[in-house]
Each structure stands twice: as C-alpha cells, then as structure tokens.
1. Of these, ASP42, ASP61, which one is part of a helix (DSSP H, G or I), over 20 Å from LEU75 (Cα atoms) and modelled with pLDDT of 95 or more?
2. Can you tell me which residues in segment 27-39 are assigned to a helix (DSSP H, G or I) and either charged (D, E, K, R) or surrounded by fewer than 12 Cβ atoms within 10 Å (Cβ to Cβ) (or both)?
3. Keeping to segment 44-85, report how many residues are among the polar types (S, T, N, Q), crowded, with 16+ Cβ neighbours inside 10 Å and over 14 Å from GLU27 (Cβ atoms).
Amino acid sequence: MSKSNLDHTMMFKALETEQPDVRAILEQVYKALDEKGYNPIDQLVGYLMTGDPAYITSFHDARAQIKKVDRDEVLEALLRNYLQK
C-alpha cells in the first residue's frame with residue numbers, strides 16, 4: 001500500500017527571476033493607505049489574506065502597484081525580512 005502525498009512535506013522553491021521591488025511597492029501602498037485615513041496594516045493583511053484588491057486604495061495608483069507583485073512574493077519578502085532581524 002503506497003502512502004499518499006498528504007503524508008509527506010512538500011518542498012517550495014521560489015523562482016529566482018527579476019522581481020519588482022516589493023519593499024518600494026509596499027512602502028508606496030502603505031503611504032497611500034495612510035494618507036487616505038485607512039489603517040495600512042489592517043488593509044494590507046486583508047488584501048494578503050483574501051487577494052481582493054478592493055482592500056487597497058487606488059489613490060496614488062496603489063492598487064495597480066500592489067497587483068504588480070504576487071501575494072506569495074510579498075509574503076516571502078515579509079517573512080525573509082522578519083526572520084533575518
């Protein structure tokens with residue numbers, strides 16, 4: 001009897017391609033949300049959890065900017081930065 005794939009840990013390897021500057025995009029989106037009076041952290045978490053760009057204001061082109069980066073890339077950058085400190 002063979003074991004199912006659920007019994008094994010899957011490996012994930014991020015592609016090493018040229019990526020948009022995630023930090024710059026997050027800073028721009030954060031600033032736009034803050035200027036519009038939103039709680040930037042809450043809005044970004046909502047977006048990252050759901051993928052719904054409606055959590056991000058279109059003010060200063062923030063919604064278009066955040067859509068340039070995959071949510072997985074944003075999460076990877078956040079984890080990498082958090083764990084390296």
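1. Every option except ASP61 fails the conditions.
2. Within segment 27-39, GLU27, LYS31, ASP34, GLU35 meet the criteria.
3. 1
The values are calculated or read from the model by the stated rules, or taken from the named source; none is laboratory data. These figures come from a predicted structure and were not determined experimentally. Heads up, the Cβs are rebuilt from the backbone with ideal geometry, glycines too, and the neighbour counts pull from every protein chain shown.
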